[in-house]
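Q: The structure that follows is given in the form of structure tokens.
The values are calculated or read from the model by the stated rules, or taken from the named source; none is laboratory data. Only a predicted model underlies this, so the values are computations on that prediction, with no experimental measurement involved. Counting neighbours? That spans all protein chains shown, and the Cβs are built from the backbone with ideal geometry, glycine included.
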Amino acid sequence: MRIVETWSTKQFKTTIYAMERWHVVEFEAGPMKQAYKFMKDSHPAVGDVKDALTEGFLAEVYATFEKMYLNLKENA
């Protein structure tokens, strides 16, 4: 697995990894991490993966981080 691209926003850090059959997109926010796998059959280039990261998709990633944070806060 190798890092293809990485960038940060005020919400989270995003890293795209390349594997033999997959692109893995990893989002990090504080102590939490989410990862999504995109098959290279349907998303052969990094640009195709980035196109899949729509505003709606990223809003759901952020909403999941909020839920994760509340869970962590309640159970820590």
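Q: Within region 38-57, how many residues turn out to be surrounded by 14 or more Cβ atoms within 10 Å (Cβ to Cβ) and either more than 23 Å from Met1 (Cα to Cα) or of a type in the set (Lys, Arg) (or both)?
A: Qualifying residue count for the region: 2.
Q: Before we move on, is Ala63 loosely packed, with under 11 Cβ neighbours inside 10 Å, among the hydrophobic types (A, V, I, L, M, F, W, C), at pLDDT 95 or above and out of contact with any helix residue (DSSP H, G or I) (no Cβ under 7 Å at 6 or more places or on another chain)?
A: Yes; evaluated as a whole, the condition is true for this residue.
Q: Would you check if Val61 is assigned to a strand (DSSP E or B), of a type in the set (A, V, I, L, M) and in contact (Cβ under 8 Å) with a residue 40 or more places away in the chain?
A: no
Q: Inside region 6-24, can you point out the residues that are touching a residue at least 24 places away in the same chain (Cβ under 8 Å) and touching a Lys or Arg at 6+ places or on another chain (Cβ under 8 Å)?
A: Those that are touching a residue at least 24 places away in the same chain (Cβ under 8 Å) and touching a Lys or Arg at 6+ places or on another chain (Cβ under 8 Å): Ile16, Ala18, His23.
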